[in-house]
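Chemist: Just passing along the structure, written as C-alpha coordinates.
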Amino acid sequence: MYSSSSNPLASMASFRMEGRMLRYSVFIPKLYNLCKSLGCEAGKIMPSRAFCSDESQGYPIILIAKHFNAFPFDHGRVGGVVATGRHGPYAEHGQDLVIIQASHVGYNRETKSFGTYRRLQTQEQGLTSSCGKVDSVLSWYEAEYRFARENVLVSRENGRWIIIIDNQLLNQERDEGLYLHLDRLIATDDQGRMNPVRAYSTSKCFHASPDLARQLDQDAPARDVREPLGSRLLPEWYRFSKNIEGDMEGGGQLAMNLAPVAPWVLASKSPLLTAAKVNTQVEFDRAYRSIVRDPSYRNKRVLFIAGLNIDISPDRGQLFPLTKFIPWAAYLQQPNAEHRNLEQEELFSKLAAQSEDNPDQTDLENAIRLMSEAEEVRIPSD
Ligand SMILES: [Zn+2]
(Lines give C-alpha, C1' and ligand atoms only; values in the text may rest on other atoms or scores of the structure.)
Protein backbone atom coordinates (compact mmCIF):
# COMPACT_ATOMS: atom_id res chain seq x y z
CA MET A 1 0.00 0.00 0.00
CA TYR A 2 2.72 2.43 1.04
CA SER A 3 6.15 2.29 -0.50
CA SER A 4 9.12 4.59 -0.87
CA SER A 5 8.42 4.93 -4.61
CA SER A 6 5.19 6.92 -4.23
CA ASN A 7 4.36 10.06 -2.28
CA PRO A 8 2.59 8.95 0.94
CA LEU A 9 0.69 12.24 1.20
CA ALA A 10 -1.23 11.51 -2.00
CA SER A 11 -2.32 8.07 -0.71
CA MET A 12 -3.27 9.52 2.68
CA ALA A 13 -5.34 12.28 1.07
CA SER A 14 -7.35 9.66 -0.84
CA PHE A 15 -9.08 8.61 2.41
CA ARG A 16 -11.90 11.16 2.54
CA MET A 17 -13.67 11.87 5.81
CA GLU A 18 -15.82 14.88 4.99
CA GLY A 19 -19.34 13.84 4.12
CA ARG A 20 -18.45 10.15 4.48
CA MET A 21 -19.36 9.49 8.14
CA LEU A 22 -22.16 7.19 9.22
CA ARG A 23 -23.42 6.76 12.78
CA TYR A 24 -23.20 3.08 13.73
CA SER A 25 -26.95 3.03 14.39
CA VAL A 26 -27.38 3.97 10.71
CA PHE A 27 -24.35 2.18 9.24
CA ILE A 28 -25.15 -1.34 10.46
CA PRO A 29 -28.79 -1.58 9.18
CA LYS A 30 -27.64 -0.04 5.89
CA LEU A 31 -24.80 -2.59 5.68
CA TYR A 32 -27.27 -5.40 6.39
CA ASN A 33 -29.55 -4.20 3.60
CA LEU A 34 -26.56 -3.81 1.27
CA CYS A 35 -25.59 -7.44 1.98
CA LYS A 36 -29.13 -8.57 1.08
CA SER A 37 -29.06 -6.51 -2.12
CA LEU A 38 -25.82 -8.33 -3.06
CA GLY A 39 -27.48 -11.72 -2.69
CA CYS A 40 -26.96 -12.57 1.00
CA GLU A 41 -29.79 -14.61 2.48
CA ALA A 42 -31.46 -13.57 5.75
CA GLY A 43 -30.60 -16.01 8.52
CA LYS A 44 -27.56 -17.38 6.64
CA ILE A 45 -25.23 -14.42 7.12
CA MET A 46 -22.31 -14.76 9.52
CA PRO A 47 -20.84 -11.40 10.52
CA SER A 48 -17.28 -10.97 11.73
CA ARG A 49 -15.43 -8.00 13.12
CA ALA A 50 -11.74 -7.09 13.14
CA PHE A 51 -11.71 -4.32 15.74
CA CYS A 52 -9.25 -3.18 18.39
CA SER A 53 -9.75 -4.61 21.86
CA ASP A 54 -11.20 -1.53 23.54
CA GLU A 55 -14.03 0.96 22.92
CA SER A 56 -14.63 -0.29 19.38
CA GLN A 57 -15.99 -3.51 20.85
CA GLY A 58 -19.15 -2.55 22.76
CA TYR A 59 -21.76 -0.54 20.93
CA PRO A 60 -20.78 -1.54 17.36
CA ILE A 61 -20.86 -5.25 18.24
CA ILE A 62 -24.25 -5.02 19.94
CA LEU A 63 -25.62 -3.37 16.81
CA ILE A 64 -24.04 -6.00 14.54
CA ALA A 65 -25.62 -8.80 16.64
CA LYS A 66 -28.99 -7.01 16.63
CA HIS A 67 -29.15 -6.40 12.87
CA PHE A 68 -27.44 -9.57 11.60
CA ASN A 69 -29.13 -11.86 14.16
CA ALA A 70 -25.80 -13.49 15.04
CA PHE A 71 -23.01 -12.52 17.38
CA PRO A 72 -20.02 -11.58 15.21
CA PHE A 73 -16.96 -13.81 14.93
CA ASP A 74 -13.78 -12.22 16.32
CA HIS A 75 -11.31 -11.54 13.50
CA GLY A 76 -9.48 -8.69 15.25
CA ARG A 77 -6.16 -8.06 16.95
CA VAL A 78 -5.29 -5.06 19.07
CA GLY A 79 -4.98 -1.89 17.00
CA GLY A 80 -7.50 -3.09 14.38
CA VAL A 81 -5.32 -5.73 12.70
CA VAL A 82 -7.08 -8.58 10.84
CA ALA A 83 -6.23 -12.04 12.20
CA THR A 84 -5.89 -13.69 8.79
CA GLY A 85 -4.99 -16.99 10.48
CA ARG A 86 -8.64 -17.26 11.60
CA HIS A 87 -10.12 -17.33 8.07
CA GLY A 88 -10.55 -21.13 8.10
CA PRO A 89 -12.67 -21.53 11.25
CA TYR A 90 -14.66 -18.39 10.41
CA ALA A 91 -15.55 -19.46 6.87
CA GLU A 92 -17.08 -22.68 8.26
CA HIS A 93 -19.55 -20.66 10.35
CA GLY A 94 -21.80 -19.31 7.60
CA GLN A 95 -22.97 -19.43 4.02
CA ASP A 96 -22.69 -15.68 3.44
CA LEU A 97 -19.77 -13.96 5.15
CA VAL A 98 -19.44 -10.30 6.13
CA ILE A 99 -16.18 -9.08 7.70
CA ILE A 100 -15.95 -5.53 9.07
CA GLN A 101 -12.44 -4.20 9.76
CA ALA A 102 -11.96 -0.88 11.51
CA SER A 103 -9.03 0.95 13.01
CA HIS A 104 -10.18 3.55 15.48
CA VAL A 105 -9.44 6.97 16.94
CA GLY A 106 -11.00 8.90 19.83
CA TYR A 107 -12.67 12.28 19.38
CA ASN A 108 -13.14 14.98 21.99
CA ARG A 109 -16.25 16.99 21.18
CA GLU A 110 -15.25 19.81 23.59
CA THR A 111 -11.86 20.52 22.03
CA LYS A 112 -12.90 19.21 18.59
CA SER A 113 -9.68 17.19 18.49
CA PHE A 114 -8.78 13.61 17.63
CA GLY A 115 -6.75 11.13 19.67
CA THR A 116 -8.32 11.05 23.13
CA TYR A 117 -11.26 9.28 24.75
CA ARG A 118 -12.91 9.74 28.17
CA ARG A 119 -12.92 6.42 30.03
CA LEU A 120 -15.85 6.58 32.44
CA GLN A 121 -14.86 3.38 34.19
CA THR A 122 -11.56 4.82 35.46
CA GLN A 123 -11.41 6.49 38.87
CA GLU A 124 -10.58 9.90 37.43
CA GLN A 125 -12.85 9.47 34.39
CA GLY A 126 -10.00 11.12 32.53
CA LEU A 127 -9.10 11.49 28.88
CA THR A 128 -6.51 9.03 27.64
CA SER A 129 -5.08 8.37 24.21
CA SER A 130 -7.18 6.45 21.70
CA CYS A 131 -6.21 4.22 20.06
CA GLY A 132 -3.87 3.47 22.96
CA LYS A 133 -2.08 0.72 21.02
CA VAL A 134 -1.38 2.99 18.05
CA ASP A 135 -0.15 5.63 20.50
CA SER A 136 2.26 3.16 22.12
CA VAL A 137 3.60 2.10 18.70
CA LEU A 138 4.13 5.75 17.72
CA SER A 139 5.85 6.71 20.99
CA TRP A 140 9.23 5.26 19.92
CA TYR A 141 9.11 7.21 16.64
CA GLU A 142 8.08 10.38 18.50
CA ALA A 143 11.04 10.12 20.88
CA GLU A 144 13.49 9.67 17.98
CA TYR A 145 11.88 12.56 16.08
CA ARG A 146 12.03 14.84 19.15
CA PHE A 147 15.73 14.10 19.59
CA ALA A 148 16.44 14.96 15.95
CA ARG A 149 14.38 18.15 16.06
CA GLU A 150 16.35 19.35 19.08
CA ASN A 151 19.80 18.14 18.04
CA VAL A 152 19.98 19.38 14.49
CA LEU A 153 20.81 23.08 14.71
CA VAL A 154 20.91 25.72 12.01
CA SER A 155 22.48 29.15 11.94
CA ARG A 156 23.82 31.74 9.53
CA GLU A 157 27.53 32.31 9.30
CA ASN A 158 28.98 34.98 7.02
CA GLY A 159 25.66 35.15 5.17
CA ARG A 160 25.59 31.38 4.51
CA TRP A 161 23.40 28.76 6.19
CA ILE A 162 25.19 26.12 8.24
CA ILE A 163 23.80 22.94 9.82
CA ILE A 164 25.19 21.39 13.02
CA ILE A 165 24.31 17.72 13.44
CA ASP A 166 24.73 15.60 16.58
CA ASN A 167 27.22 12.75 16.04
CA GLN A 168 24.57 10.17 16.97
CA LEU A 169 22.51 11.27 14.00
CA LEU A 170 25.58 11.17 11.74
CA ASN A 171 26.31 7.56 12.73
CA GLN A 172 24.99 5.41 9.88
CA GLU A 173 26.09 2.17 11.61
CA ARG A 174 23.36 2.21 14.26
CA ASP A 175 20.99 -0.78 14.48
CA GLU A 176 17.89 1.38 14.52
CA GLY A 177 16.81 4.97 14.87
CA LEU A 178 16.10 8.08 12.81
CA TYR A 179 18.39 8.40 9.78
CA LEU A 180 18.70 11.81 8.15
CA HIS A 181 18.95 11.95 4.37
CA LEU A 182 22.27 13.76 4.73
CA ASP A 183 22.68 14.27 0.99
CA ARG A 184 19.57 16.46 1.02
CA LEU A 185 20.64 18.54 4.04
CA ILE A 186 24.39 19.03 3.57
CA ALA A 187 26.19 20.81 0.72
CA THR A 188 28.62 18.59 -1.18
CA ASP A 189 31.85 19.43 -2.99
CA ASP A 190 32.65 18.68 -6.66
CA GLN A 191 33.31 15.03 -5.80
CA GLY A 192 30.02 14.67 -3.91
CA ARG A 193 31.73 14.62 -0.50
CA MET A 194 30.20 16.19 2.62
CA ASN A 195 33.08 18.07 4.21
CA PRO A 196 32.57 19.36 7.75
CA VAL A 197 33.32 23.04 8.22
CA ARG A 198 34.46 22.12 11.74
CA ALA A 199 34.01 19.40 14.35
CA TYR A 200 32.77 19.95 17.89
CA SER A 201 33.01 17.48 20.79
CA THR A 202 29.67 15.78 20.06
CA SER A 203 28.58 17.24 16.72
CA LYS A 204 29.80 18.45 13.34
CA CYS A 205 29.07 21.58 11.36
CA PHE A 206 28.46 21.61 7.57
CA HIS A 207 27.32 24.08 4.95
CA ALA A 208 23.59 23.61 4.32
CA SER A 209 22.45 22.17 1.01
CA PRO A 210 20.75 24.58 -1.45
CA ASP A 211 17.46 22.71 -0.78
CA LEU A 212 17.71 23.29 3.00
CA ALA A 213 18.94 26.88 2.59
CA ARG A 214 15.93 27.67 0.40
CA GLN A 215 13.56 26.30 3.06
CA LEU A 216 15.32 28.18 5.85
CA ASP A 217 15.23 31.46 3.91
CA GLN A 218 11.44 31.28 4.09
CA ASP A 219 11.57 31.30 7.89
CA ALA A 220 14.88 32.97 8.78
CA PRO A 221 15.78 33.55 12.45
CA ALA A 222 16.05 37.20 13.39
CA ARG A 223 19.69 36.87 14.45
CA ASP A 224 22.60 34.73 13.37
CA VAL A 225 22.20 32.43 16.35
CA ARG A 226 21.99 28.66 16.49
CA GLU A 227 18.47 27.37 16.60
CA PRO A 228 17.08 23.82 16.65
CA LEU A 229 15.66 22.85 13.27
CA GLY A 230 12.49 21.87 15.17
CA SER A 231 9.31 21.51 13.13
CA ARG A 232 11.22 22.58 10.00
CA LEU A 233 12.58 19.01 9.84
CA LEU A 234 10.49 17.80 6.91
CA PRO A 235 9.32 14.16 6.56
CA GLU A 236 11.15 14.00 3.21
CA TRP A 237 14.48 14.58 4.95
CA TYR A 238 14.66 11.46 7.11
CA ARG A 239 13.54 7.87 7.52
CA PHE A 240 13.21 5.47 10.42
CA SER A 241 14.66 2.02 10.77
CA LYS A 242 13.40 -0.16 13.60
CA ASN A 243 13.72 -3.80 14.53
CA ILE A 244 10.09 -4.78 14.88
CA GLU A 245 9.43 -7.54 17.35
CA GLY A 246 6.32 -9.44 18.35
CA ASP A 247 3.92 -11.75 16.62
CA MET A 248 3.25 -10.63 13.09
CA GLU A 249 -0.49 -10.23 13.49
CA GLY A 250 -0.33 -8.50 16.88
CA GLY A 251 1.55 -5.32 17.68
CA GLY A 252 4.23 -6.29 15.18
CA GLN A 253 1.86 -6.05 12.21
CA LEU A 254 0.57 -2.66 13.35
CA ALA A 255 4.16 -1.40 13.68
CA MET A 256 5.01 -2.74 10.23
CA ASN A 257 1.95 -1.02 8.75
CA LEU A 258 2.92 2.35 10.21
CA ALA A 259 6.74 2.24 9.87
CA PRO A 260 7.11 3.32 6.20
CA VAL A 261 5.01 6.46 6.74
CA ALA A 262 5.88 7.33 10.35
CA PRO A 263 7.60 10.65 9.37
CA TRP A 264 4.40 11.81 7.62
CA VAL A 265 2.18 10.55 10.44
CA LEU A 266 4.20 12.54 13.00
CA ALA A 267 4.11 15.68 10.83
CA SER A 268 0.32 15.56 10.48
CA LYS A 269 -2.07 17.67 12.55
CA SER A 270 -3.55 14.63 14.32
CA PRO A 271 -1.02 11.76 14.29
CA LEU A 272 -3.39 9.21 15.89
CA LEU A 273 -6.08 9.96 13.29
CA THR A 274 -3.58 9.77 10.42
CA ALA A 275 -2.13 6.53 11.80
CA ALA A 276 -5.60 4.95 12.12
CA LYS A 277 -6.45 5.85 8.51
CA VAL A 278 -3.12 4.46 7.27
CA ASN A 279 -3.66 1.24 9.22
CA THR A 280 -7.12 0.81 7.67
CA GLN A 281 -5.69 1.30 4.17
CA VAL A 282 -2.83 -1.13 4.72
CA GLU A 283 -4.99 -3.73 6.46
CA PHE A 284 -7.58 -3.69 3.67
CA ASP A 285 -4.87 -4.23 1.07
CA ARG A 286 -3.23 -7.01 3.12
CA ALA A 287 -6.37 -8.80 4.29
CA TYR A 288 -8.26 -8.77 0.98
CA ARG A 289 -5.31 -10.55 -0.66
CA SER A 290 -5.39 -13.16 2.11
CA ILE A 291 -9.15 -13.73 1.51
CA VAL A 292 -8.61 -14.13 -2.26
CA ARG A 293 -5.89 -16.73 -1.60
CA ASP A 294 -7.60 -18.67 1.20
CA PRO A 295 -9.34 -21.85 -0.09
CA SER A 296 -11.83 -21.78 2.82
CA TYR A 297 -13.68 -18.89 1.12
CA ARG A 298 -14.19 -20.81 -2.15
CA ASN A 299 -17.85 -21.00 -3.27
CA LYS A 300 -18.82 -18.54 -0.53
CA ARG A 301 -20.33 -15.09 -0.78
CA VAL A 302 -17.96 -12.67 0.98
CA LEU A 303 -18.17 -8.97 1.70
CA PHE A 304 -15.06 -7.57 3.42
CA ILE A 305 -15.45 -3.91 4.33
CA ALA A 306 -12.73 -1.76 5.90
CA GLY A 307 -13.04 1.67 7.46
CA LEU A 308 -12.36 3.92 10.41
CA ASN A 309 -14.25 4.01 13.72
CA ILE A 310 -14.38 7.42 15.37
CA ASP A 311 -15.21 7.03 19.06
CA ILE A 312 -16.85 10.13 20.48
CA SER A 313 -16.52 10.01 24.28
CA PRO A 314 -19.80 9.31 26.06
CA ASP A 315 -21.54 12.24 27.73
CA ARG A 316 -22.91 12.03 31.27
CA GLY A 317 -25.69 9.45 31.32
CA GLN A 318 -24.48 7.72 28.13
CA LEU A 319 -23.23 4.16 28.42
CA PHE A 320 -21.55 3.87 25.04
CA PRO A 321 -19.42 6.02 22.73
CA LEU A 322 -21.22 7.62 19.80
CA THR A 323 -19.15 5.68 17.29
CA LYS A 324 -19.14 6.75 13.66
CA PHE A 325 -17.86 4.69 10.75
CA ILE A 326 -16.11 6.03 7.66
CA PRO A 327 -15.92 3.38 4.92
CA TRP A 328 -12.65 3.11 2.99
CA ALA A 329 -13.02 0.11 0.64
CA ALA A 330 -14.71 -3.26 0.25
CA TYR A 331 -14.04 -6.59 -1.44
CA LEU A 332 -17.04 -8.45 -2.81
CA GLN A 333 -16.93 -12.09 -3.86
CA GLN A 334 -19.88 -14.10 -5.19
CA PRO A 335 -20.18 -17.91 -4.84
CA ASN A 336 -19.43 -18.31 -8.58
CA ALA A 337 -15.99 -16.70 -7.90
CA GLU A 338 -16.85 -13.35 -9.47
CA HIS A 339 -15.12 -10.72 -7.39
CA ARG A 340 -14.25 -7.05 -7.35
CA ASN A 341 -13.22 -4.20 -5.11
CA LEU A 342 -15.39 -1.21 -4.27
CA GLU A 343 -13.46 2.04 -3.79
CA GLN A 344 -14.53 4.59 -1.18
CA GLU A 345 -16.77 6.69 -3.42
CA GLU A 346 -18.74 3.76 -4.80
CA LEU A 347 -18.92 2.00 -1.44
CA PHE A 348 -20.25 5.07 0.36
CA SER A 349 -22.85 5.69 -2.39
CA LYS A 350 -24.06 2.09 -2.17
CA LEU A 351 -24.37 2.29 1.63
CA ALA A 352 -26.05 5.70 1.50
CA ALA A 353 -28.62 4.37 -0.98
CA GLN A 354 -29.78 1.63 1.43
CA SER A 355 -32.73 1.94 3.80
CA GLU A 356 -32.10 2.36 7.53
CA ASP A 357 -35.08 0.10 8.24
CA ASN A 358 -34.29 -3.53 8.94
CA PRO A 359 -37.40 -5.65 9.49
CA ASP A 360 -35.17 -8.71 10.19
CA GLN A 361 -33.49 -7.19 13.27
CA THR A 362 -33.63 -8.93 16.64
CA ASP A 363 -35.19 -7.47 19.78
CA LEU A 364 -32.14 -8.23 21.93
CA GLU A 365 -33.89 -7.57 25.24
CA ASN A 366 -36.59 -10.05 24.26
CA ALA A 367 -33.97 -12.56 23.06
CA ILE A 368 -32.20 -12.31 26.42
CA ARG A 369 -35.51 -12.74 28.29
CA LEU A 370 -36.44 -15.79 26.21
CA MET A 371 -33.05 -17.36 26.92
CA SER A 372 -33.39 -16.77 30.67
CA GLU A 373 -36.94 -18.19 30.68
CA ALA A 374 -36.11 -21.26 28.59
CA GLU A 375 -36.14 -24.58 30.38
CA GLU A 376 -32.71 -25.31 31.79
CA VAL A 377 -30.67 -28.05 30.11
CA ARG A 378 -29.04 -30.17 32.79
CA ILE A 379 -25.58 -31.34 31.75
CA PRO A 380 -24.39 -34.50 33.47
CA SER A 381 -20.89 -34.42 34.89
CA ASP A 382 -18.45 -37.10 33.74
ZN1 LIG B 1 -7.36 0.68 20.30
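The values are calculated or read from the model by the stated rules, or taken from the named source; none is laboratory data. All values reported here derive from a predicted model rather than from experimental measurement. So basically every Cβ, Gly included, is an ideal-geometry build from the backbone, and we count neighbours across all protein chains shown. Ligands, DNA and RNA are stripped out before the accessible areas are found, and what is left, the full protein with its side chains, is counted by its heavy atoms. Shrake-Rupley method; radii C 1.70, N 1.55, O 1.52, S 1.80 Å.
Chemist: When you go through Gly39, Gly43, Gly85, Gly79 one by one, which is the residue that is under 14 Å from Leu272 (Cα atoms) and either within 11 Å of the ligand (Cβ to nearest atom) or modelled with pLDDT of 90 or more (or both)?
Modeler: Gly79
Chemist: Still on this model: Looking only at residues that are within 16 Å of the ligand (Cβ to nearest atom) and open to solvent by 10 Å² or more (accessible area, probe 1.4 Å) in region 46-60, which one is farthest from Gln253 (Cα to Cα)?
Modeler: Tyr59
Chemist: Which of the residues belonging to region 111-144 are modelled with pLDDT of 90 or more, among the aliphatic types (A, V, I, L, M) and surrounded by 15 or more Cβ atoms within 10 Å (Cβ to Cβ)?
Modeler: The answer is Val134, Val137, Leu138.
Chemist: Name the pairs: first residue in region 294-310 and among the aromatic types (Phe, Trp, Tyr), second residue open to solvent by 40 Å² or more (accessible area, probe 1.4 Å), Cβ to Cβ under 9 Å, at least 6 apart or on different chains?
Modeler: Close Cβ pairs (under 9 Å, with a partner that is open to solvent by 40 Å² or more (accessible area, probe 1.4 Å)) amount to Phe304/Tyr288.
Chemist: Looking at region 88-104, which of the residues that are over 27 Å from Thr274 (Cα atoms) and open to solvent by less than 10 Å² (accessible area, probe 1.4 Å) is nearest to the ligand (Cβ to nearest atom)?
Modeler: Tyr90
Chemist: Now for a separate question. When you scan region 234-326 for helices (runs of 4 or more DSSP H) that lie fully inside it, which ones turn up with 2 or more residues that are surrounded by fewer than 17 Cβ atoms within 10 Å (Cβ to Cβ) and among the basic types (Lys, Arg)?
Modeler: 271-293
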